[in-house]
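Here the structure is laid out as C-alpha cells; the discussion comes afterwards.
The values are calculated or read from the model by the stated rules, or taken from the named source; none is laboratory data. Since the model is a prediction, treat every value here as computed from it, not as a measurement. Heads up, the Cβs are rebuilt from the backbone with ideal geometry, glycines too, and the neighbour counts pull from every protein chain shown. Calculation scope for accessible area: heavy atoms of the full protein, side chains included, ligands and nucleic acids excluded. Shrake-Rupley method; radii C 1.70, N 1.55, O 1.52, S 1.80 Å.
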Amino acid sequence: MSAYTNRKVVLNQRPQGEIKDGDLVIKQDPVRDLKDGEVLIKTLWLSLDPYMRPRMNDSKGYMDPIEIGAPIVGESLGRVVESKSPKYAVGDVVTSYSGWQEYSIISGDAPMVYKVQDHGIPLQTYLGVAGMPGRTGYCGLVYVGKPKAGETVVVSAASGPVGTVVGQTAKQLGCRVVGVAGGEEKCRYVVEELGFDECVDYKAGNLEQDLKDACPDGIDVYFENVGGEVTRAVAKLLNSGARVPICGYVSAYNAEDSSKVETPFHVFGALEDKPEHRFFLVTEWQDKHQEVTAHLAEQVATGKIKYRETIAEGLDNAVDAFKGMLKGKNFGKQLVRVSE
C-alpha cells in the first residue's frame, strides 16, 4: 500500500441556493499503489473559480454535474512525487484538473495536463493570470470581442483574474477601458494599479448613471462575467455593432431555481439592435494553450500584467473561501495553498 493518505473535499449533497454546512465535506482515503503508466501528483495550489458552483447542481450545463461523493472539480498545480510513466519525472510541476484533494493519480497520457515551464514568476500564477482565468480573459477578448484601437471596452468583475487580464490587454490594444467592480478599494486598485481609464462601483447605488458618465461614446465591447443589474445597465449603452463575449454570470450562481434567472442571453437577445454575443469556453483555443500561457507569463514577468491574490491556507479552509468568493469577498484571484 502507498505511504500517502489523501484528504479531499467531496460533494455530500447538492446545495439548494447558497452552500450550507453538510453540502461539501472532507473525506480521507489511503492512496493506492500506482499502476504502470500512472503518475502520483501532490497538490501544492488549488484554484477556486465561479464555474464550480453550477456544477454542484443536478442540471446539465456546458459541463457535466459533479457526482455525489466525488471531489469538487477544479484546476490545481502540483508536483510529481511518484511516476511509472516515461512522460513525467519525479519533481515535475504540472497543472491538472485534479479537483479539491491533496493527491491525485493520473494516466501519463491524460489530456489537459501541462508541465509548467519556468518563466521566473510565482508558481500559483499559472492558476491565475497566467493560467486558465488569464487565458479565458485573453482569448475571449481577442477572439470573440475583437477590440479595435479607440473603442470602449467594459469588463465586469474587473479586479478578478479574468477581468484583470481583459482590461490590461485591451489597454495594450489602444482601447478606452472601463471596469465594473464592487467597492471603492477594488475600483481604486483597477484604475491606479491596473491602469484602466475608469472603474464603476456597482455597490455605490448609482450604477446606470455612473456607467453612462464613464462611457460617453457608448460601449463597443462588453466582457460579461457577472450578469444581473450590470448587464441591464450595459445593454442600454451598447453601440451598433457591439460584441459581447459571455464568460459567465456569477450573480446567478447561487439562485435556488436557475430556470427563473434572467441571463445575459435574455437581456441582449431582447434588444432591437442586438450585439454580437455568445457564450464561450477557453477550451475552444486549447491548441493555443502553451502559446497563450507563455505570452501571459512573459507579461507577468515584465510587469505588463499586474494582479492581486487572496490565499486561503489548507484544504480545510477551501469551502469558506469558495463561499466568500461567490459573494465577492476575495480581492483578485482566490487560491488555496494546499501544501508547501
(message) On the basis of being over 22 Å from LEU11 (Cα atoms) and either among the small types (Gly, Ala, Ser) or modelled with pLDDT of 95 or more (or both), does ARG278 make the cut?
(response) yes
(request) Check ARG337, ARG243 and return the single one that is basic (Lys, Arg) and closer than 25 Å to VAL200 by Cα. (result) ARG243
(request) Report yes if TYR253 is under 26 Å from ALA297 (Cα atoms), of a type in the set (Phe, Trp, Tyr) and either modelled with pLDDT under 95 or buried (at least 24 other Cβ atoms within 10 Å of the Cβ) (or both), otherwise no. (result) no
(message) With open to solvent by 10 Å² or more (accessible area, probe 1.4 Å) and either under 27 Å from VAL261 (Cβ atoms) or in a loop (DSSP other than H, G, I, E, B) (or both) as the only criterion, which of VAL162, VAL180 stands out?
(response) VAL162
(request) Name, by its number, the condition in (1) open to solvent by 50 Å² or more (accessible area, probe 1.4 Å); (2) over 30 Å from GLN209 (Cβ atoms); (3) touching a strand residue (DSSP E or B) at 6+ places or on another chain (Cβ under 9 Å); (4) in a loop (DSSP other than H, G, I, E, B) that does not hold for SER339. (result) (1)
(message) I'm trying to understand the selection: among the residues of region 86-115, which are surrounded by 19 or more Cβ atoms within 10 Å (Cβ to Cβ), of a type in the set (S, T, N, Q) and either within 26 Å of ALA294 (Cβ to Cβ) or in contact with a Cys (Cβ under 8 Å, 6 or more places away or on another chain) (or both)?
(response) THR95, SER96, SER98, SER104
(message) Looking at GLY303, GLY314 in this structure, which one is open to solvent by less than 30 Å² (accessible area, probe 1.4 Å), at pLDDT 95 or above and not hydrophobic (A, V, I, L, M, F, W, C)?
(response) GLY314
(message) Can you list residue pairs whose Cβ atoms sit under 6 Å apart, with the first residue in region 192-218 being closer than 11 Å to VAL180 by Cα and the second being open to solvent by less than 30 Å² (accessible area, probe 1.4 Å) and not hydrophobic (A, V, I, L, M, F, W, C)? Count only pairs 6 or more apart in sequence or on different chains.
(response) PHE196/GLY167; PHE196/GLY179; CYS199/GLY179; TYR202/GLY182; LYS203/GLY182; LYS203/GLY183
(request) For region 275-304, enumerate the residues that are under 16 Å from the mean Cα position of the chain (by Cα) and not in a helix (DSSP H, G or I). (result) PHE279, PHE280, LEU281
(request) From (1) in contact (Cβ under 8 Å) with a residue 40 or more places away in the chain; (2) assigned to a helix (DSSP H, G or I); (3) open to solvent by 80 Å² or more (accessible area, probe 1.4 Å), pick out the condition that doesn't hold for ARG232. (result) (1)
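Sort out which residues of region 258-316 are of a type in the set (D, E, K, R) and more than 15 Å from GLY134 (Cα to Cα), and write them in order of number.
LYS260, GLU262, GLU272, ASP273, LYS274, GLU276, ARG278, ASP287, GLU313, ASP316
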(request) Would you tally the residues in region 183-207 being outside any strand (DSSP E or B) and over 17 Å from TYR222 (Cβ atoms)? (result) 16
